[in-house]
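See structure below.
The values are calculated or read from the model by the stated rules, or taken from the named source; none is laboratory data. None of these values were measured; they are calculated from a predicted model. Backbone-built Cβ (ideal geometry, glycine too); neighbour counts: all protein chains shown.
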Amino acid sequence: MKTSIPKNGEPMGHFVSDAAFDPHSIEQLNDEQKAYYLASQKKLMWWKFKLHKLAVVSGIFLALVYISILFSEFLAPYDLNHRHVKNIYQPPQSVHLFHEGQFVGPFVYGTKYELNLETLARTYAPDSKKIYKLSFFCSGDKYKFWGVIPADNHLVCVEKGGTLFLLGTDRLGRDMLSRIIYGTRISMTIGLIGIAISFILGISIGGMAGYYGGWVDNIVQRIIEVIQSIPSIPLWLAIAAIIPVSWSPILVYFAISVVLALLDWTGLARAVRSKLLSLREEDYVLAAELMGAKPRRIILRHLVPGFMSHLIASATLTIPSMILGETALSFLGLGLRPPVTSWGVLLNEAQNINVVVLYPWLILPVVPVVLVILAFNFLGDGLRDAADPYA
Amino acid sequence: MVNYLLYRLAAAVPTLFLISLLIFAVIELPPGDYFETFLAEQEALGETVDPKKIEYLKETYGFDQPMPIRYASWVWGLLHGDLGYSFEYELPVNDVIGSRVWMTMLVSFITIIFTWLIAFPIGIYSATHKYSWGDYGLTFIGLLGLATPNFLLALILMYFANVWFGTSIGHLMDAEFIDQPMSWAKFVSVVEHLVIPVIVIGTAGTAAMIRRLRANLLDELQKQYVTTAKAKGVPPFKALVKYPLRMSLNFFISDIGSILPSVISGAEVVAIVLSLETTGPLLISALKSQDMYLAGSFLMMLAVLTVIGVLISDIALAFLDPRIRLKGGRQK
């Protein structure tokens, strides 16, 4: 019988690799698989987030809006308080490219102003004989960049003698577009400051309630119940009424964001509390406790990061209510006051039906409000889905 | 069950106590009181006020007393159904609010029914046709309603109602019907005037409700018992309504708590814009002019209603869902 064992000194009848033996060689992942299966949690979240196209678009839009508030002065065609006395309640002008079939580049027509002596209505008609060209990156109204650096650069200005009111002017002849751009700065940040305050309150109070449980939890629960059981607008009003009239506009601005935050933290605190109640039974908390970690460290270092993404997502969804709250308060005359310019303050001028009929462009600040709130909602939805990438 | 009921009732007492403290503090916090505002106003108008009247009012309502005693007498009055005296209207608060409460409740109930009628079909459609164009479109419209400031929507609709249908602007009825006994013409006028407030106040609530119903229903529809039911040949409609829909309505019942106070207060800002004769504008003006009994008692009433509402919804939930009944608490 033939044996498979070769005689002494003869080569083996089959191939034997010289490489070291690795029993897991078949299960090994190639690079592509590795990138997929061993991706970090952050990466998984990003992938999941990217699937929600609307959320990505909203995120980019909001990022652009926030970047724009850094350069409000530069983006606005006119200074915030520049009054064009001759152009009160002027309707929006449009930008043209061609004049009588000839390409001229971007320009606006001049306007002819007439006072209708019968109705006392101001009428502005475009005057197609006068052409004012637009130029970019040019010098215009002087301003102080961020209130400090004097400058006069603008993104777009019009030739001398012409006016550029893309969204019309208000009762004092101030350019609406510029005012909306300046208002963005206040309206967009008031939500951020408010959410920051309510984040701190929510995490610390909800964290204490969830971590300690027992009577601390009971008291916190009662307080939250109390705050939630009073309708928000009257309570905002009542607190806003405490703000002294003599305060400077900036102080009022901070006070209003605090007011908004004071009523908003309850939802967040509830979320933190219920998460902590379940998480504090985990082994790693016991381990941390045994190693002598203080409650503050355990909550902030070990517990909160575990559901931070959820918190951020839910915070994104509450920013819109703050922005709307500011508009409602300012609309009632108890929020921000001129000279501070926010979307709510601008809408305050669109209070009565006359405005809607006669000067409809004064309600245009509602467009950014709606866009921003929609964007925050979509972004929040996307973030919420992405916060739990394993689901 | 009885134990649970008793526990819930007992827990409401400290909550109400805390609420009364908070409201009293909020009302007291702004510097000055109504009389100072009033005096300043009258002096600005060049009129003189009999100081005796002010003295008398201050004494009757205990403004010369220290704060804790005033708080105690306010609460004591509340417990006896005496809401205090409105200085601005020179009437007991009960009378001031009473005349408006019915109109407010009418507006609010119709609004709530409108919200339900719109939100339910849309929410169910969105959940069953997930990610379809219909779902996207309807959700988007709902969100748009949520994102538009109410007062502006009110203004714009008011304008178009006037242009297209010739409905007079604002108020709850035509001027000639105010203080008139109920008649068919008055009824028609009220109904005409109700359309806009109902739509405006309803939009925001509708959007929120669609989203929540959709999310809850989607969660339920993914569960295995639905698949089982379908596999066993239960007709699609029944497979939707019998269990998943019922399960997803828990949130709806727990919403009762927040609905009750809004029935009474109405949407304040919208009511101001449309100059509706509801209680909302009353409350706001009371807060502004520091008419403290009117504002405080009214806020307290709203808070009590919320607590009652939460209580009702908790009891209803306990009846419907044995898991809650047996655990003795609401699940979040």
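Structure notes:
- Test: residue in the stretch A:267-275 that is within 13 Å of chain B (Cβ to nearest Cβ), under 30 Å from A:Thr341 (Cα atoms) and either hydrophobic (A, V, I, L, M, F, W, C) or under 29 Å from the mean Cα position of the chain (by Cα) (or both): yes
- Residues in the stretch B:134-156 that are more than 22 Å from the chain's Cα centre (by Cα) and within 14 Å of chain A (Cβ to nearest Cβ): B:Asp135, B:Tyr136, B:Gly137, B:Thr139, B:Phe140, B:Ile141, B:Ile156.
- Taking the criterion of being in a helix (DSSP H, G or I) and at pLDDT 75 or above, the residues of the stretch A:335-353 that qualify are A:Trp343, A:Gly344, A:Val345, A:Leu346, A:Leu347, A:Asn348.
- Some residue of the stretch A:281-290 being in a helix (DSSP H, G or I) and modelled with pLDDT under 85: no
- Restricting the stretch A:210-227 to residues that are within 13 Å of chain B (Cβ to nearest Cβ), buried (at least 18 other Cβ atoms within 10 Å of the Cβ) and not β-branched (Val, Ile, Thr) leaves a set whose member that is farthest from B:Val13 (Cα to Cα) is A:Gly210.
- On the stretch given as the stretch B:287-299, residues that are more than 9 Å from chain A (Cβ to nearest Cβ) and modelled with pLDDT of 80 or more total 3.
- Against the criterion of being more than 30 Å from A:Pro305 (Cβ to Cβ), of a type in the set (S, T, N, Q) and assigned to a strand (DSSP E or B), A:Ser128 qualifies.
- A:Val340, sole failed condition from (1) over 22 Å from A:Ser68 (Cβ atoms); (2) more than 13 Å from chain B (Cβ to nearest Cβ); (3) surrounded by fewer than 22 Cβ atoms within 10 Å (Cβ to Cβ); (4) in contact (Cβ under 8 Å) with a residue 12 or more places away in the chain: (1)
- Beta carbons closer than 9 Å, at least 6 apart along the sequence or on distinct chains, never pair a first residue in the stretch B:147-165 that is on the phi > 0 side of the Ramachandran plot with a second that is assigned to a helix (DSSP H, G or I) and buried (at least 18 other Cβ atoms within 10 Å of the Cβ).
- Condition met for A:Val355 (within 9 Å of another protein chain (Cβ to nearest Cβ) and closer than 19 Å to A:Ile181 by Cα): no
- Filter result for B:Leu283 (within 14 Å of another protein chain (Cβ to nearest Cβ) and crowded, with 22+ Cβ neighbours inside 10 Å): yes
- Meets criteria (in a helix (DSSP H, G or I), within 13 Å of chain B (Cβ to nearest Cβ) and touching a Pro at 6+ places or on another chain (Cβ under 6 Å)) for A:Leu371: no
- Here A:Pro244 clears all of (1) surrounded by fewer than 18 Cβ atoms within 10 Å (Cβ to Cβ); (2) in contact with a helix residue (DSSP H, G or I) (Cβ under 8 Å, 6 or more places away or on another chain) except the condition numbered (2).
- Residues (out of contact with any helix residue (DSSP H, G or I) (no Cβ under 6 Å at 6 or more places or on another chain) and small (Gly, Ala, Ser)) located in the stretch B:75-96: B:Gly77, B:Gly81
- Hits in the stretch A:41-70 (condition: exposed (fewer than 14 other Cβ atoms within 10 Å of the Cβ) and among the polar types (S, T, N, Q)): A:Gln41
- As a summary of the residue check, A:Leu97 satisfies the conditions (1) surrounded by fewer than 14 Cβ atoms within 10 Å (Cβ to Cβ); (2) touching a Phe, Trp or Tyr at 6+ places or on another chain (Cβ under 7 Å); (3) in contact (Cβ under 8 Å) with a residue 24 or more places away in the chain; (4) in a strand (DSSP E or B) except for the one numbered (3).
- Looking only at the stretch B:56-67, and only at residues there that are at pLDDT 70 or above and over 15 Å from B:Tyr85 (Cα atoms), the one that is surrounded by the fewest Cβ atoms within 10 Å (Cβ to Cβ): B:Pro66
- The selection criterion, being assigned to a loop (DSSP other than H, G, I, E, B), under 30 Å from A:Thr184 (Cα atoms) and over 34 Å from the mean Cα position of the chain (by Cα), holds for A:Lys86.
- Residue within the stretch B:273-289 that is among the charged types (D, E, K, R) and without any contact (Cβ under 8 Å) to a residue 12 or more places away in the chain present: yes
- Unique match (being crowded, with 20+ Cβ neighbours inside 10 Å, part of a helix (DSSP H, G or I) and more than 14 Å from chain B (Cβ to nearest Cβ)) among A:Leu362, A:Leu303: A:Leu303
- Total residues in the stretch B:5-55, condition within 17 Å of B:Glu88 (Cα to Cα), in contact (Cβ under 8 Å) with a residue 12 or more places away in the chain and more than 14 Å from chain A (Cβ to nearest Cβ): 4
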